[in-house]
Each structure stands twice: as structure tokens, then as C-alpha cells.
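Enquirer: One structure, pasted below without further comment.
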Amino acid sequence: MRTLWVDYTKALGIILVVYGHVSRGLYKAQIPMNETLFKLIDTVIYSFHMPLFFFLSGLFFVSSLHKRGVKSLVANKLDSIFYLYVIWSVLQGGIALIFQQWTNNNVTPNEIFSLFLEPRVQFWFLYALFFITLVSAFIFAKIDQKYALALFSLSSLIVIFNIPNYGFTPLIYVLPNLCFFMFGIYFNQIDSFFSTNKYKLLLPLTVLFAGVHWLSLTQLNIEPNYSLSIIKLTTTLISILFSVNLCMCLAERPSKLLSTIGASSMIIFLVHVITGSGTRIVLQHFLGISNYWLHITLGCLMGLFGAMLLAKLLSKIGLSFLFEVPEQFSLERNFTELCVKSSKAKNQ
């Protein structure tokens, strides 16, 4: 059974992702805009929208681990995360290479096929999520979920003290984001408090959300140090809790639109740059349109609904492998079948 507020939070997160990428694309393409407003919104969004997805990924991690076991979970994440990372890194990179005379970023074949050493564009999230899940699987195979708060605290220290990663690529993406995944795991222990008191918490969390961002944007003028890292981390965590609480309240009034966007968040994440950037390219380079509001509106609509429509069309013409691993190549399916055969052989 799907949890409605989780789908709503995914919807909120992916809307922010699409808006952020579309608006940054317009900025790089030098579409005339209110630069102050752009930087204000951009700073707020990028302070928490990807940590929000690491948090959401952590919510159901332990239950999935208990259901599948370490080996099956790793196989599942190879199927559902790493497979998509490889397919879409190559696909989107290839499209960017072909149309690079109209895109904002130049790309070379070497950059596309170095995906195992250096993730490109938005797909760094899938790369980081896979390795974070891998690390967490081995940790929680040994210890109980009740230690999630301690692990969240320890992983937060990595962010605060900027502990070196020694240049090992997966760690570059794992270490700054592990604490948000652990926060999602820990939230299972306090979610009943939030769901029971969601309306009471809405006003204080709204004030906190506005307050920390106001401080960060207007009042803080200090050199990067541990204090600044604490403030940034606090801002991100408060923003996550505010988003969750807001979506818990919104979930009291079911919305098919938000549910659909939330349930399709992975598909939108994979496709939105193609449909959103494609919209900008057509408007700017082929139609000669530079109106910001038309660009941002159509770009976001195509990034969200155009992505879902394109995914549905691709699946109908036999390209569903772009969105899920073919059953015959599924590592989890093959692993499960192997375990069943092994069990039968032992019982004979």
C-alpha cells in the first residue's frame, strides 16, 4: 500500500528538481530574467531538494532489507538504480553530443563513457544513492534500526567537519549525502509524532523554514567554517521536515495530480532534462522566443507531463527497457530463482 504523503513529498521534490533545471538552463542560455529573483529561488531550492530524495529513499530502506536480505537487496538496486544510471547516462549524453550546438554544455564521448568514474549532470544522484544503499545494507545487516539516530549523528559530523574522501569517487558523493539517508531511516521512529501533530507543527515549521532561509540569504556573512556547515545542515534538515509536514497536511485531501506526479517521480527524473531542455531549444533557437515566463512555464510543464507522456510512448513502441530492466536480465529475479533451486535441492 502506497503512503500518500510520501507520494506528495516525491511530487514536491520532483517539481523543484524540474523547476531548478529548467530555470538554470534559461539562465545559462541568457534568456532575459530577474536575476535577483532567480538566484534567491535557486539558492533555496538547491539547499534541500536532493537531500529530500535521499531522505525519502531511506524511509523504506530497512523494511526492504528485512524483506529481501542483503544479497537480494543489492541485486534489486543493481536492477532498479544502477541499471537506469548506466542506460540514461549514455542515452542523455549521446543526445547532448548530437545536439550540442544548441545545448548549454559541451560533452565529449570520453565524458559519456567515463560514467563509472565520474557521474554526469543529474545522474550523480543515482550513482550516490546506489553506493549509499550498498553501504547502509552492510551496516544494518549487522546492527539494529534503533541505532539509526546515532548513525545519523555520526554521518552529520562528516558534513560538518568536511571529512576528506581521499579522492575516491564514490565517497565524493556518498559522504555529503549519507546523513540524509540515515535521517530517513531514523524518521520511522518519529513519524507517528509528526502524523498525529501535523497541523500543530505546520505553523512553527513554516516559521522555522522561512527564518533559516532568511538568515542564510540575508544575514550570514561569515567565512566557511564549522559554524557555517552547521547552519547549512540545519537549514537542509528543517526544510526536509517542513516539506514532509506540509505534504502530510496536503494528503488529507487526496489529489490525483500530485499522486500521479509523485508515483512517476523516477520517470520524470530520468526524462525531464530532454523534454525540458528540448522545449527551450525549440523556443529559443527555432522560434526565436525569449520571453522568460513562456519559457519557464512551458519548460516545467514539458519537464513534468511531457516526460511522463514521452515515457509512455517509448514503452508502447517496445522501449520499456529504458525504464526497467528486462525480466530475463533481472539480477534479483535470477538470484531468487537460484535460491529456490538451491533450497529444493537441499530438501530432496
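Nothing in this text is a laboratory measurement; each read-out follows from the coordinates by a stated rule. Being a predicted model, the structure only gives us computed values, none of them experimental. Every residue, glycine as well, gets a Cβ built from its backbone with ideal geometry; the counts of neighbours run over all protein chains shown.
Enquirer: Inside the range 13-48, can you point out the residues that are among the hydrophobic types (A, V, I, L, M, F, W, C), farther than 16 Å from residue 213 by Cβ and assigned to a helix (DSSP H, G or I)?
Expert: Correct list: 14, 15, 17, 18, 22, 26.
Enquirer: Residues being in a loop (DSSP other than H, G, I, E, B) and surrounded by fewer than 19 Cβ atoms within 10 Å (Cβ to Cβ): count how many of those fall in the range 226-256.
Expert: 4
Enquirer: Which residue pairs have Cβ atoms under 6 Å apart, sit 6 or more places apart or on different chains, and have a first residue in the range 249-272 that is on the phi > 0 side of the Ramachandran plot and touching a residue at least 60 places away in the same chain (Cβ under 8 Å) and a second that is buried (at least 22 other Cβ atoms within 10 Å of the Cβ) and part of a helix (DSSP H, G or I)?
Expert: Going by the 6 Å Cβ cut-off, there are no qualifying pairs.
Enquirer: Go over the candidates 47, 80, 64, 72 one by one and state the one that is small (Gly, Ala, Ser), in contact with a Leu (Cβ under 7 Å, 6 or more places away or on another chain) and on the phi < 0 side of the Ramachandran plot.
Expert: 64
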